[in-house]
Amino acid sequence: MCGIVGYVGPNSSIDVLLRGLSRLEYRGYDSAGVAVIGTDAHLRTRKHAGKLKVLLDELKASPIQDGQTGIGHTRWATHGGPTDGNAHPHLGDAGKLALIHNGIIENFASLKEELLLDGETFTSETDSEVVAIMAGRAYRETGDLTRAMREVVARLEGAFTLLIVHEDRPGEVVGARRNSPLVIGLGDGENFLGSDVAAFVEFTRRAVEIGQDQIVTIRPDSVEVTDFDGNPVETREYEIAWDASASEKGGWSSFMRKEISEEPDAVANTLRGRVHEGEVLLPELGVLDDAVLASLDRIVIIGCGTAAYAGMLGTYAIESWARIPVEVELSHEFRYRNPVINERTLVVSISQSGETMDTLMAVKYARGEGARTLSICNTQGSSIPRESEAVLYTHAGPEVAVASTKAFVAQVTALYLLGLHLASVRGTLSADEITASINELLAIPGKLADVLIASADIGQLAGWMADTRSVLFLGRNVGFPVALEGALKLKELAYIHAEGFAAGELKHGPIALIEPGQIVFVIVPSPRDPNSLHPKVVSNIQEIRARGARVIAIAEKGDAAVLPFADEVIPIPLAAPMFEPLLAVVPLHIFALELATAKGLDVDQPRNLAKSVTVE
Ligand code: F6R
């Protein structure tokens, strides 16, 4: 939520900031703004409600003086609506200091009260402006921007990333973070700050993580990091594993379309180097060694939204293979219900961004209770892996579209690897069974490529349904999380009512929703399924068809039993039942994309959403 970028160096800061913001816009698009210290040593800001394009057009029509120091922000509104006035940067010290903020200042009301009593005035409804005014006052007293930041953060409660610049201090940007992301980009005679590395990857691939409760001061030739008390801290430099082209559209009409096309690679890259001669190799588990894994008596998987649905699939696979109780829970529910966890519980957190505040807080809580913690994450250097004992990175590459697609299949792949590793450590599957499952996994990327080809007509199907007001999704067993994921994608992209149900639950209530013409997607298990769920789902289809539903079945290629009862069948290649979700989910991702496109909606930036949810 909210994208942040800062720059000091010899180049045009407006250019660097706007390029950075264009890569960070997925984090929020309610407004955008920049503040730059011009070559005449005056601070200028320009900010606008609406997407970044509005700011770009405005700067083109009426440029501001450029300079070599600046900060930029793209907003997802929390306090105060998406207006010009509430857009960042906010000003302090009579317009000489500019501040941008991501997060929520929980004690802003009392701080504001204090400032009002002292004669300060405000032009916005935001919590952030309070901090800008405080920083301006602290700078006036100290004449030192880093000290001013230190004094301000000492009084703040909540979560924040802050960047400040002051016109008296050209060549200096000061940042601070608590429970909200900030990374440093190291250049040659220039340095960068960003909410994530996408902000500066075009200019440098050298990055440095900033820890919790730390302050950073960048100048063209130096970077200083301290804790909130001013004590220097050690930092770790790393190389960004992807280049700028990976986060560009590269000729695709949308990031989402590009990212769906990358689902086969996301699985292949997550498997790469982790399977060898029929065995799973996960050296990155580090301290979570075989002895620890063997001693576990329970696993709790946590995540939000799509990540939680990936987690649901993990429960089926891990429990079945490793014979250990596994539960999945939404991070924000888990964190606040006093769960029973201890040192024999492994809490596996799943997050594409690695910054989802609900999940981050839940991981911290789990550690505090003595549980062992592992994260499955797609973003190097992000907060959730840093708070966990070990991390399994999903190598899906940067995901820019707000709706998660390729990250989902990569998360499921990582969970399956974990499940097979646990089964090997705990001796619950034979070596041959593990090898057979690994071979199934290795075949998934090729089968996903076939699914993409076979899904070419979904655009036409979605086109016919552009006026649909409600779509239901049914699945059973491992098809159930797929149904939930299909419904979530449709809600968030096409803004229509969509619900996923366990097919067996239908007759316990939801069947009342079925009326003539109701569109229902059904994820049909393989007829080769050893649990014999196939005939039960075919019966469910008949029950809803009898009540007028229009059924679109996602079924294994050659499944003749389903043909007479479905209006449309989207075929998927044959796979062992546990692995079918990886194939069945892709047509649903495509359907949501196509229906939203048919409705003329922005699939990369759906309304009211942001990619990285860094507020609770
Ligand atoms: C849905 C979607 C969200 C995210 C959720 C968690 O398409 O993208 O539901 O899955 O906000 O985000 P991460 O994985 O970054 O923790």
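Using a 1.4 Å probe over the heavy atoms of the protein chains, calculate the carbon and sulfur portion of the accessible area of the stretch 3-246 as a whole percent.
The value for the stretch 3-246 is 46 percent carbon and sulfur by accessible area.
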_Let's test the formula: R0 of 35 Å, r as the Cβ-Cβ distance of GLU369 and LYS53. What FRET efficiency results, to the nearest 0.05?_
0.15
*Which residues' amide hydrogens lie under 5 Å from the amide hydrogen of TYR336, considering only partners 5 or more residues apart or on another chain, with H built in the peptide plane?*
none
*Each residue of the stretch 336-341 in turn: what ³J(HN,Hα) in whole Hz from Karplus with 6.51, -1.76, 1.60 and θ = phi - 60°, glycine and Pro shown as x?*
10, 10, 6, x, 8, 9
*Just from its helices, what would the mean residue ellipticity at 222 nm be for the chain, if runs of 4 or more DSSP H residues each count -39500 (n - 2.57) and the sum is divided by every residue, rounded to the nearest 500 deg cm²/dmol?*
-11000 deg cm²/dmol
*asked:* Using a Förster radius of 22 Å, what is the FRET efficiency between ARG236 and LEU281 based on their Cβ-Cβ separation? Nearest 0.05, please.
replied: 0.35
*How far apart, in nm, are the 7 Å Cα→Cβ label points at ASN608 and TYR495?*
1.0 nm
*Determine the gain in length on full extension of the stretch SER295-ALA449; use 0.36 nm per residue of separation and subtract their C-alpha separation, reporting nm with one decimal.*
51.5 nm
*Taking amide H positions as placed 1.01 Å from N in the peptide plane, with prolines and chain starts having none, which residues 5 or more places from GLU157, or on another chain, fall under 5 Å of its amide H?*
GLU106, ASN107
*For a label point 7 angstrom out from the Cα of LEU442 toward its Cβ, which stretches of the stretch 271-306 have the backbone nitrogen within less than 12 Å?*
272-280
*Using 0.36 nm per residue of separation minus the Cα-Cα distance, give me the extension gain between LYS60 and SER320 in nm, one decimal.*
87.7 nm
*Separation of the THR428 and ARG386 label points, Cα + 7 Å toward Cβ, nm*: 3.4 nm
_Cα centroid separation, the stretch 376-446 to the stretch 515-579 (Å)_ = 28 Å
*Residue-wise, which Karplus ³J(HN,Hα) couplings in Hz belong to the stretch 191-197, taking 6.51 cos²θ - 1.76 cosθ + 1.60, θ = phi - 60°, and x for glycine or proline?*
9, 9, 10, x, 4, 8, 5
*What is the packing order of peptides 216-223, 55-62, taking the mean over residues of other C-beta atoms within 10 Å and listing the highest first?*
216-223, 55-62
*Assuming R0 = 60 Å, what is the FRET efficiency of GLN212 and ALA546, from their Cβ-Cβ distance, to the nearest 0.05?*
0.55
_Please compute the per residue accessible area over the chain with all protein chains in place, 1.4 Å probe, rounded to a whole number of Å²._
36 Å²
*Return the sequence-ordered ³J(HN,Hα) values of the stretch 595-607 in whole Hz as given by the Karplus equation 6.51 cos²θ - 1.76 cosθ + 1.60 applied to θ = phi - 60°, using x for Gly and Pro.*
5, 5, 5, 4, 8, x, 9, 7, 6, 7, 10, x, 4
*Once amide H atoms are placed 1.01 Å from N in the peptide plane, what residues at a sequence separation of 5 or more from LEU281, or on another chain, have their amide H within under 5 Å of its amide H?*
VAL275, HIS276
*Please count, across the stretch 461-607, the pairs of lysine residues with Cα atoms under 21 Å apart that sit 8 or more places apart or on different chains.*
4
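Can you give me the % of accessible surface on the stretch 458-598 that is carbon or sulfur? Probe 1.4 Å, all protein chains present, nothing else counted.
On the way: 2740 of 5070 Å².
The computed percentage sits at 54.
The values are calculated or read from the model by the stated rules, or taken from the named source; none is laboratory data. Nothing here was measured: the structure is a model prediction, and the numbers come from that model. Virtual Cβ from ideal backbone geometry, glycine too; neighbours counted across all protein chains shown. When the accessible area is computed, the model is the full protein with side chains, heavy atoms only, and any ligands, DNA or RNA have been set aside. Shrake-Rupley method; radii C 1.70, N 1.55, O 1.52, S 1.80 Å.
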